[in-house]
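The values are calculated or read from the model by the stated rules, or taken from the named source; none is laboratory data. From a predicted model like this one, the values you see are computed outputs, not experimental measurements. Don't worry about glycine lacking a Cβ; one is built from the backbone with ideal geometry, like all the others, and counts go over all protein chains shown. The area values use the complete protein model at the heavy-atom level, side chains included, leaving out ligands, DNA and RNA. Shrake-Rupley method; radii C 1.70, N 1.55, O 1.52, S 1.80 Å.
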Amino acid sequence: MGLYDLIFNRSIDDQTTLFFATDLHGSEKCFKKFVNAKKFYDADVLILGGDLTGKAVVPFVDEGNGWRAEYPNQTKTFNEEPAVTEAEQQVRNAGNYPVRLDAKDYESFKSDDKKIRDTYERLESERLQRWVDLAEEKLDEQIYVIGGNDDQSYVTEHLVKSSAFQLVDETVVKLPSGHDILGYGFSNPTPWDTPREKSESDIQKEIDRIGEMVTNWEQTILNVHCPPYDTTLDRASKLDDDLRPVTEGGQVVDEPVGSTGIREFIETNEPMLGLHGHIHESRGEVHIGNTLCLNPGSEYGEGVLNGAIVTLSENEVVQHQFISG
């Protein structure tokens, strides 16, 4: 028992309940549920996986006699202000960023990549600040967080300034229970060339280096965005050269897309628990040696929070359960 445990009269032998969710992709509704999950599920620790930010700006264009919303794959029209306000909130809940423009500004906006990017980054930062404010208001304990492959570097820089978040990306941090948590938010290459991708060799080198900080693997939790390769946690649709799903006999073909470096790291070190995300449709669990690996999946676009409740003792996972709500 260390000095921390003596001061707070807590032993690692006490059971600890974690709540883990990942891939919120900017969904305001999902983040509010995540913050409330600590009290609702009586969790001791909140852990948040990567891919925190949304994917698209949705312009709401003022046409004088109504509004036109330019969604990524469709256009909708609204005649009254209350309908526009409601639609904007639905966009926020689904993880995207609404912005109001008049017809003239929209014409210049849609053809200006820099203006689109600047608007996206401004709205993204504003939403992250609202998340920070909410977490600081509602929580006494910190959220242990990493970025994901879709998150720009400034995303985690924004969160690290807040007392409500403990950034565990590319480091090892000790939880109040005495367990270590190792974080890593990069992925192996994807077809979409996202901001935080690494080669498998680089992933292997970097996560091995981080692993040198661990003193007891039997008491270590991974918060690693990318799932291990060729498991039930990393199955995604196989894509052709035009990024369209491949089908055979009318059925979509899937394939493993996780990281071989992450899998080898888990096989070598056998931490007690691996918490993963990245592949939204691959909710599931798998044992790799003595390590229980979980991916709760993500349904952020519907405002549904998927998560995993995990109870730990000193050296083992006592129980776990997936939730959706």
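Leaving out ligands, DNA and RNA but keeping every protein chain, what accessible area does Lys32 have, in Å² rounded to the nearest 10, with a 1.4 Å probe?
Number for this one is 100 Å².
Would you work out the relative contact order for the range 162-242, in percent, from Cα pairs under 8 angstrom that are 6 or more residues apart?
30
When the Kirkwood radius is taken over all Cα pairs of the range 171-240, what Stokes-Einstein diffusion coefficient follows at 37 °C and 0.692 mPa s, in µm²/s? Kindly include the intermediate steps, with their values, before the conclusion.
Values: Rh = 13.7 Å.
For these conditions, the coefficient is 240 µm²/s.
Show me, for the range 247-263, the HN-Hα J-couplings you get by feeding each phi into the Karplus relation (A = 6.51, B = -1.76, C = 1.60, θ = phi - 60°), rounded to Hz, glycine and proline as x.
Per-residue couplings from phi come out as 10, 9, x, x, 10, 5, 8, 10, 7, x, 10, x, 9, 5, x, 5, 5 Hz.
Per-residue ellipticity at 222 nm for the chain, helices alone: DSSP H runs ≥ 4 residues times -39500 (n - 2.57), over residue total, nearest 500 deg cm²/dmol? Present the calculation step by step, with values, prior to reporting the outcome.
Numbers: 8 runs with 95 residues, N = 325.
Helices in the chain give a 222 nm mean residue ellipticity of -9000 deg cm²/dmol.
Looking at the range 210-298, which trypsin sites (Lys or Arg not before Pro) are DSSP coil and have at most 16 other C-beta atoms within 10 Å of their C-beta? If you can, show how the numbers build up before the last one.
Working: sites: Arg235, Lys238, Arg263, Arg283; in loops: Lys238, Arg283.
Of the trypsin sites (Lys or Arg not before Pro), the ones in loops of the range 210-298 whose Cβ has at most 16 other Cβ atoms within 10 Å are Lys238.
Running Debye on the range 246-311 with equal point scatterers at the Cα sites and no solvent, what base-10 log of I(q)/I(0) appears at q = 0.17, 0.26, 0.27 Å⁻¹?
The computed values of log10 I(q)/I(0) come out as -0.73, -1.15, -1.18.
Based on Cα positions only, what radius of gyration and what Dmax would you give for the range 107-151, in angstroms?
Spelled out, the Cα radius of gyration and Dmax of the range 107-151 are 15.0, 46 Å.
Add +1 for every Lys or Arg and -1 for every Asp or Glu among the other residues with Cβ under 9 Å from the Cβ of Gly147, and state the total. Walk me through the numbers before you get to the answer.
Working: positive: Arg196; negative: Asp51, Asp150, Asp151, Asp169.
Neighbour charge sum, excluding Gly147 itself: -3.
Once amide H atoms are built 1.01 Å from N in the peptide plane, which residues 5 or more positions from Gly297, or in another chain, come under 5 Å H to H?
Residues meeting the criterion, in which the H sits 1.01 Å from N, are Gly284.
Please report the projected area of the chain's Cα convex hull averaged over all directions, in nm². Before the final figure, lay out the partial values.
Details: hull surface 73.8 nm².
Result: a mean projected hull area of 18.4 nm².
Quick one: putting +1 on the C-beta of Lys and Arg, -1 on the C-beta of Asp and Glu, what dipole do you get for the range 34-111 around its Cα centre, in Debye to the nearest 20?
Details: 9 positive and 13 negative charges, 48 e Å.
It comes to approximately 240 debye.
So, with +1 on the Cβ of K and R and -1 on the Cβ of D and E, and no other charges, what is the size of the charge dipole of the range 1-159 about its Cα centre, to the nearest 20 debye?
Details: 20 positive and 32 negative charges, 60 e Å.
Value, rounded to 20: 280 debye.
Alpha carbons only, please: Rg and Dmax for the range 72-231, in angstrom.
19.8, 62
Checking the cross-link filter: which aspartates and glutamates have an alpha carbon closer than 19 Å to that of Lys104, excluding same-chain neighbours under 8 positions apart?
Output for Lys104: Asp62, Glu63, Glu70, Asp112, Asp113, Asp118.
Given axes a ≥ b ≥ c from the Cα gyration tensor, I'd like to know whether the range 180-303 is rounded (a/c under 1.5), prolate (a/b larger than b/c) or oblate.
Working: a/c = 2.07, a/b = 1.69, b/c = 1.22.
Cα axes put the range 180-303 in the prolate bin.
Compute the acute angle (0 to 90°) between the alpha-carbon long axis of helix 28-40 and the principal axis of greatest extent of the alpha-carbon atoms of the chain; round to the nearest 10°.
30
For the range 71-125, run through the GluC sites (Glu not before Pro) and keep only the ones in DSSP coil with at most 15 other Cβ atoms within 10 Å of their Cβ. Before the final figure, lay out each step's value.
Details: sites: Glu80, Glu86, Glu88, Glu107, Glu121, Glu124; in loops: Glu80.
For GluC sites (Glu not before Pro) across the range 71-125 that sit outside H, G, I, E and B with at most 15 neighbouring Cβ atoms in 10 Å, the list reads Glu80.
Report the dimensions of the range 40-141 along its three principal axes from the alpha-carbon atoms, largest first, rounded to Å.
Per principal axis, max minus min of the Cα coordinates gives 51, 31, 23 Å.
Which one, Ser162, Val91, Gln74, projects farthest toward the positive side of the charge dipole computed for the range 42-162 from Cβ point charges (K/R +1, D/E -1)?
It is Gln74, whose Cα lies furthest towards the positive end.
Taking H as built 1.01 Å from N, whose amide H comes closer than 5 Å to the amide H of Ile221, not counting residues under 5 places away?
Asp180, Ile181, Leu182
Within the range 129-178, report the trypsin sites (Lys or Arg not before Pro) that DSSP leaves as loop and that have at most 15 other Cβ atoms within 10 Å. Before the final figure, lay out the partial values.
Working: sites: Arg130, Lys138, Lys161, Lys174; in loops: Lys161.
Those satisfying the criteria are Lys161.
Treating cross-link reach as a plain straight distance, find the aspartates and glutamates whose alpha-carbon is under 12 Å from the alpha-carbon of Lys29, omitting any fewer than eight places away in the same chain.
Glu299, Glu302
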